[in-house]
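Student: My questions will all concern the structure given below.
The values are calculated or read from the model by the stated rules, or taken from the named source; none is laboratory data. Since this is a predicted model, take the numbers as computed values, not measurements. Cβ: placed from backbone, ideal geometry, glycine included. Neighbour counts: every protein chain shown.
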Amino acid sequence: MSNVVTIERLGVSFSTDAGAVKAVDDVSLTVARGEVLAIVGESGSGKTVTAKTILGLLPETATVHGAVILSSKDGSSQNDVVTLSRKQLRGVRGTDVSMVFQEPSIALNPVYTVGWQIAEGIRAHSDISKAEAKVRAIEILGRVGIPDPETRVNYYPHQFSGGQKQRVVIAMALVLDPGLIVADEPTTALDVTVQAEILELLRRCRDEFGTSIVLITHNMGVVADLADRVAVMYQGKVVEEADAQTLFTAPRHAYTKRLLAAVPHVGQGTVNAAARAEARAASWAGQKPIVVAEDLRVEYPGRLGRAGFTAVDGVSFDIRAGEVLGLVGESGSGKTTIGRAIGGLTRVTGGSLSVLGQEMNGVRERAFKKVRSQIGFVFQDPASSFNPLLTIADCVAEPLVIHGLAENPVDARGRVDELLEAVQLPRAYGERYPHELSGGQRQRASLARALALEPTLLIADEPTSALDVSVQARVLELFAELQREFGFAALFISHDLAVVDILADRIAVLYTGRLVEEGTGAEVLGAPQHPYTQRLLASLPVPNPAEQALRREELRRLREAD
């Protein structure tokens, strides 16, 4: 019984109105004790369904064939999860296998303290008092790196940052010392610096707790950083399986090669930026910038006697016509606040911010309204930015109707069809609702809506952070193509330096509300001067296990030097 889990010829199909849909097709996998197995592939490849089968978390509409043999950590017992009753499943969940979900904000109950939620799992599997359970909750919070666990055990989820919430979820998974943890996209929405910390924590789970890990992800850099073995899934099947070093250095299957080729690398954008610079007219540099920030400050007022919070502190930059400025930094650095200030959605409290000739410090909505039509927005999550009750065509037509360029969505349909074709979506997709499109298709529709008014300036806030690498690559290509075609200037906000490098003419690095470094991609990423930029670069995982091990050591050295 050297394997903690053995999956034998697993098949999973779901009943729908249109008939059965096969999600997993004849999959066989094993996970050895103390091993990290990464299951990778695009959305819809079957990786999450395979992982959820290990915990018996599939809905009633699922039909499962094959076997999933799960062993206890000490090897004293084993069960076929597929055949277990609900009561028996509750017995193995938490003790033999636990899950770390993709979105900790959804996994944690907002009305209970994190200590109560951890203790709830302990008391469900053992007959101990509330006081004893709380002591164990404090201990596990400390072991996963939550500072001052004796106090923070009484905090609610909203009082933690995104990375700390993910640590709490990992603590909940570890508290009963299971033999296996299933981690479903545990770092997708996190900054690269926080992502590096979570990966280090998962590595400790394996080394200190002796826990095996099934890692579900589409980020090949994360796989190179953590995985011992990799299984590549495509359309419900495992198309390739190998140890991490072999898979990255000598991939065999065409789909694996495409996945690895889609991963953005720092340095890719140097050629693109040079080509854009050569294509500009000689008089371009002398033109007046369309966005000018001088000593920009944005402060949020305090409440209940507390002092205000300065989100942007003395930032100066400019954006010229047709130029893409990449704004990078971790959560809380002020990137989104600057984007919102430029779009007139957040009040400027100090300094100067000129947008398309309009001073934003003290601006009134009536004066800014004529400028607003020249600004387009692409949001991070198109699923939440679209009205779910409207068709895609109606959503794209909305700016045209609001600004009086069309009487109603029907009147705007011709322009909408042109926009959909511009972002490489068939016209027929206009009749679909947002939930009927994939993530990449929704982001293309979001681009179409942002371009509806032919904006002079586009603000893109983390538009690719939640997309698969292959979908992300296509969206980035489309963004660059549209920028060349329409000639708009853009503020591209991201925490991923490699993504920004592909698109941006210049890169500005924000840290705690201050601009710490600015220049071309070659300057900022090729020879970073500020320690924070160096840490950002070292935190960015690369799809090469040997190189990633060196970067991990470099990041450790930089942290120790702080």
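Student: Please go through the range 7-22 and give me each residue that is surrounded by fewer than 19 Cβ atoms within 10 Å (Cβ to Cβ) and either in contact (Cβ under 8 Å) with a residue 60 or more places away in the chain or on the phi > 0 side of the Ramachandran plot (or both), ordered by number.
Tutor: Glu8, Arg9, Gly19, Lys22
Student: Please tell me if Gly179 is small (Gly, Ala, Ser) and out of contact with any strand residue (DSSP E or B) (no Cβ under 7 Å at 6 or more places or on another chain).
Tutor: Considered against the rule, which asks whether it is small (Gly, Ala, Ser) and out of contact with any strand residue (DSSP E or B) (no Cβ under 7 Å at 6 or more places or on another chain), Gly179 comes out as no.
Student: Next question. Does Ala522 satisfy the condition of being in contact with a strand residue (DSSP E or B) (Cβ under 9 Å, 6 or more places away or on another chain), more than 23 Å from Val292 (Cβ to Cβ) and surrounded by fewer than 20 Cβ atoms within 10 Å (Cβ to Cβ)?
Tutor: When the stated conditions are applied, Ala522 does not pass them.
Student: On the given criteria, is Leu536 outside the structural domain of Gly326 (by TED's automatic domain parsing), part of a helix (DSSP H, G or I) and buried (at least 24 other Cβ atoms within 10 Å of the Cβ)?
Tutor: Yes, satisfied.
Student: Next up: I need a count of the residues in the range 91-111 that are part of a loop (DSSP other than H, G, I, E, B) and in contact with a strand residue (DSSP E or B) (Cβ under 7 Å, 6 or more places away or on another chain).
Tutor: Taking the range 91-111 as the starting set, the residues that turn out to be part of a loop (DSSP other than H, G, I, E, B) are 94-96, 101-103, 108-111.
If we keep only those that are in contact with a strand residue (DSSP E or B) (Cβ under 7 Å, 6 or more places away or on another chain) too, we end up with 96, 101-102.
Result for the range 91-111: 3.
Student: Where the second residue is assigned to a helix (DSSP H, G or I) and surrounded by 13 or more Cβ atoms within 10 Å (Cβ to Cβ) and the first is of a type in the set (Lys, Arg) and lies in the range 250-265, which pairs have Cβ atoms under 8 Å and are six or more apart or on separate chains?
Tutor: Arg258/Ser470
Student: Hey, does the range 79-90 have a residue that's assigned to a strand (DSSP E or B) and not β-branched (Val, Ile, Thr)?
Tutor: Yes; the residues of the range 79-90 include at least one that is assigned to a strand (DSSP E or B) and not β-branched (Val, Ile, Thr).
Student: When you scan the range 51-70, do you find a residue that is among the hydrophobic types (A, V, I, L, M, F, W, C) and assigned to a loop (DSSP other than H, G, I, E, B), even just one?
Tutor: The answer is yes, given that some residue of the range 51-70 is among the hydrophobic types (A, V, I, L, M, F, W, C) and assigned to a loop (DSSP other than H, G, I, E, B).
Student: So if I check each of Ala281, Ala273, Ala311, Ala293, which one is surrounded by fewer than 18 Cβ atoms within 10 Å (Cβ to Cβ), under 30 Å from Ser354 (Cβ atoms), small (Gly, Ala, Ser) and in the same structural domain as Gly334 (by TED's automatic domain parsing)? Working first, answer last.
Tutor: Details: Ala273 fails: surrounded by fewer than 18 Cβ atoms within 10 Å (Cβ to Cβ); Ala311 fails: surrounded by fewer than 18 Cβ atoms within 10 Å (Cβ to Cβ); Ala293 fails: surrounded by fewer than 18 Cβ atoms within 10 Å (Cβ to Cβ).
Answer to the check: Ala281.
Student: Here is a further query. Name the pairs: first residue in the range 84-104 and on the phi > 0 side of the Ramachandran plot, second residue part of a loop (DSSP other than H, G, I, E, B) and surrounded by 15 or more Cβ atoms within 10 Å (Cβ to Cβ), Cβ to Cβ under 9 Å, at least 6 apart or on different chains?
Tutor: Gly94/Val175; Gly94/Leu176; Gly94/Pro178
Student: Would you mind stating whether Gln424 is within 15 Å of the chain's Cα centre (by Cα) and in the same structural domain as Val410 (by TED's automatic domain parsing)?
Tutor: For Gln424, the condition - within 15 Å of the chain's Cα centre (by Cα) and in the same structural domain as Val410 (by TED's automatic domain parsing) - is not met.
Student: Within the range 269-328, take every residue that is polar (S, T, N, Q) and in contact (Cβ under 8 Å) with a residue 40 or more places away in the chain and give me the one that is farthest from Val500 (Cα to Cα).
Tutor: Looking at the filtered set, the residue picked out is Thr310.
Student: Could I ask something else about it? Residues that are of a type outside the set (A, V, I, L, M) and in contact with a strand residue (DSSP E or B) (Cβ under 7 Å, 6 or more places away or on another chain), at least 2 per element: which helices (runs of 4 or more DSSP H) completely within the range 282-392 meet that?
Tutor: On the way: elements: 335-342, 365-372, 382-385.
Per the criteria, 335-342.
Student: Inside the range 443-456, can you point out the residues that are over 19 Å from Ala412 (Cβ atoms) and buried (at least 21 other Cβ atoms within 10 Å of the Cβ)?
Tutor: Within the range 443-456, Gln443 is the sole residue that qualifies.
Student: Residue check: is Val214 of a type in the set (Val, Ile, Thr), in contact with a Ser or Thr (Cβ under 7 Å, 6 or more places away or on another chain), buried (at least 23 other Cβ atoms within 10 Å of the Cβ) and not in a loop (DSSP other than H, G, I, E, B)?
Tutor: no
Student: Here's another thing I want to ask about it. For Gly344, state whether it is within 20 Å of Ile493 (Cβ to Cβ) and in the same structural domain as Ala490 (by TED's automatic domain parsing).
Tutor: Spelling it out, Gly344 is indeed within 20 Å of Ile493 (Cβ to Cβ) and in the same structural domain as Ala490 (by TED's automatic domain parsing).
Here's the yes/no breakdown for (1) among the charged types (D, E, K, R); (2) within 14 Å of Gly326 (Cα to Cα); (3) more than 22 Å from the chain's Cα centre (by Cα):
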site: Ala508; (1), (2), (3): no, yes, no
site: Thr512; (1), (2), (3): no, no, no
site: Ala522; (1), (2), (3): no, yes, yes
site: Pro528; (1), (2), (3): no, no, yes
site: Gln534; (1), (2), (3): no, no, no
site: Glu547; (1), (2), (3): yes, no, yes
site: Arg557; (1), (2), (3): yes, no, yes
site: Ala561; (1), (2), (3): no, no, yes
